[in-house]
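Written below as structure tokens is the structure these notes are about.
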Amino acid sequence: MSIVPSPLDNDSCDIAIRASFLHFRGDPDLDGDAPEYLEDGLMILKQGRIQMLVEAEDWIDLLPDGSALYDYHGRLVMPGFVDCHTHYPQSEMIASHGLQLLDWLEKYTFPTEARFAERDHADRIAAFFCEQMLKNGTTTSAVFATVHPQSVDAIFTRALDLDLCLVAGKLMMDRNAPEPLRDTPESAYRDSSELISRWHLKGRGYYAVSPRFAACSSEAQLEICGQLLEEHPDLYLQSHVAENRDEVTWVAELFPDSRSYLDVYDRFGLLGPRAIYGHCIHLDETDRARLGASGAAIAFCPTSNLFLGSGLFSLADAEEHGIRVGLASDVGAGTSFGMLQTMAEAYKVCQLAGQQLSPLKAFYLATLGAARALYLDHRIGNFEVGKEADLVVLDLDATELLQCRMENAASLEERLFALMMLGDDRCIQATHVMGKRQHSRTLP
Ligand SMILES: [Zn+2]
């Protein structure tokens, strides 16, 4: 017996979206859950939340008067992309030539970040960064600001204006950095505490305690990080670990009593759920087991790792230990704001490491997988009923080359693979945040 749909009314629908839809209900490799795909689907939204995702032909005539219909016929709608690790203040220094991590920080990063002492500058770059997120279909990011509290105010203010989901925090750095960029354990504690009360859980914002990396923080400052997490157990923590071999050696010299680089953070209570560590390339089995057991997540930053020549992240090793992994752009060492290019480089990193990244897994790592890494999958990451309607409208025919390739693609997987290898921001037709269209591509 077929179910006769009951008519919708304005209490259950204020926005409807018609398109092809694809989203994940689990890890396509590990959980065995097939993604849900609707060739001609209709998503019903109310106050920014998903009410239903159904076959369009059964429901399109039942939409109530007064609801807005976005007709993206022929386009593919997926959950908005989630970027697990990036630096908005580095937007202006993306693609700076020729160095590896430690020299690159000295020569390019520190002078660029020093400009964020000026609130006007921070506001301008925060606006640019959020615009780039939306143009690339990214609706959630975990973001480092600079050491200046006003740089945190700037990015949260802009994200709040756009209703973007954002994890962000003030960099902490009390040594091995130029004087104007240094804080102290005391000032870091005071400034972070004020920022937490101002921004944590405001709108869709979450505060992240953000020591840059162990080499830039004294033991006293790392202790402060642990203290903040104890005082506010629902905070995030974000940092970097084991990105570059010289960095690993340096941290071993600075913390001779620690078993490993990761162990430095562990000693100060900085591993656990909602802790996000960028890179995690040069880890050993003990480190991986500890990460997996702790519930901390890895931000896999392939464009950055290739650009700085840092090394090849092993996705298979992380999965073996049950570690949560999400994709990340890591701008400005990363070379793109776009998660499509990030997926393409992730594929190549896996190839060089002797591993295969399927297109379904790549899109999972940029949506539900990344939402799980950030412990936000109860709110975002797929199209389950009740979730917040962040979504990206993808045009798989955006360029002549894509059109040519798509004509020769037999399956959805093949089309997704061509999209991630050849696509860029031209493929992002629109981006919706909490149901509302915040970006719409204008064609030349
Ligand atoms: Zn980073």
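The numbers here are math on the coordinates, done by the rules we state, and not lab data. Remember, predicted model here, so these are calculated numbers, not experimental data. So basically every Cβ, Gly included, is an ideal-geometry build from the backbone, and we count neighbours across all protein chains shown.
Odds and ends about this structure:
- Taking 18 Å as the straight-line reach from the Cα of LYS170, the lysines in range (excluding those fewer than 8 positions away in the same chain) are LYS202.
- Relative contact order (percent, whole number), the stretch 104-169, Cα cutoff 8 Å, 6+ residue spacing: 36
- Spin-label pair PHE128-GLU414: with each label point 7 Å from Cα along the Cα-Cβ axis, the two points sit 4.2 nm from one another.
- Percentage relative contact order, the chain, counting C-alpha pairs under 8 Å, at least six apart: 18
- Neighbourhood charge, 12 Å Cβ-Cβ cut-off, centred on PRO359 and excluding it, Lys, Arg +1 and Asp, Glu -1: -1
- Values of log10 I(q)/I(0), in the order q = 0.10, 0.12, 0.17 Å⁻¹, for the stretch 53-205 under a Debye, Cα-only, solvent-free model: -0.46, -0.60, -1.00
- Dipole magnitude of the chain, debye to nearest 20 (Cβ charges: Lys/Arg +1, Asp/Glu -1, about Cα centre): 560
- Residue of ALA293, ALA371, ALA344 that the Gaussian network model of the chain assigns the largest fluctuation, springs spanning Cα pairs under 10 Å: ALA293
- Ordering GLY80, LEU62, PHE21 by Cα displacement along the dipole of the stretch 1-133 toward the positive end leaves GLY80 in first place; charges were set at the Cβ atoms of Lys, Arg (+1) and Asp, Glu (-1).
- Gain on full stretching of the segment that runs from ARG198 to ALA68 - 0.36 nm per residue minus C-alpha separation: 43.3 nm
- Eigenvalues of the alpha-carbon gyration tensor of the stretch 346-430, scaled by 5 and square-rooted, set the equivalent ellipsoid semi-axes at 24, 19, 10 angstrom, largest first.
- For the stretch 284-380, a Kirkwood radius taken over Cα pairs fed into Stokes-Einstein (10 °C, viscosity 1.306 mPa s) yields D = 118 µm²/s.
- Radius ratio Rg over Rh of the stretch 1-128, counting only Cα atoms, Kirkwood formula for Rh: 1.20
- The residues CYS84, CYS216, CYS427, when put in order of fewest to most other Cβ atoms within 10 Å, stand as CYS216, CYS427, CYS84.
- A Cα-only calculation for the stretch 288-444 places Rg and Dmax at 16.2, 51 Å.
- Computed over the stretch 167-228, the P(r) tail beyond 20 angstrom holds 23 percent of alpha carbon pairs.
- Additional length obtainable on full extension of the chain from ARG175 to THR157, 0.36 nm per residue less Cα span: 3.6 nm
- Cut-off under 5 Å, modelled amide H: who pairs with PHE337 long-range: none
- In plain terms, the chain from ASP317 to ALA34 could stretch by 99.6 nm, reckoned as 0.36 nm per residue minus the Cα-Cα distance.
- Cβ-based exposure ranking for THR157, THR342, in which fewest neighbours within 10 Å come first: THR157, THR342
- Antiparallel content of DSSP bridges confined to the chain, in %, to 5: 45
- Reduced Cα scattering model of the stretch 105-189, Debye log10 I(q)/I(0), q = 0.23, 0.24 Å⁻¹: -1.11, -1.17
- With 10 Å bins from 0: P(r) over the chain, alpha-carbon pairs, percent: 5, 22, 32, 25, 12, 4, 1, 0
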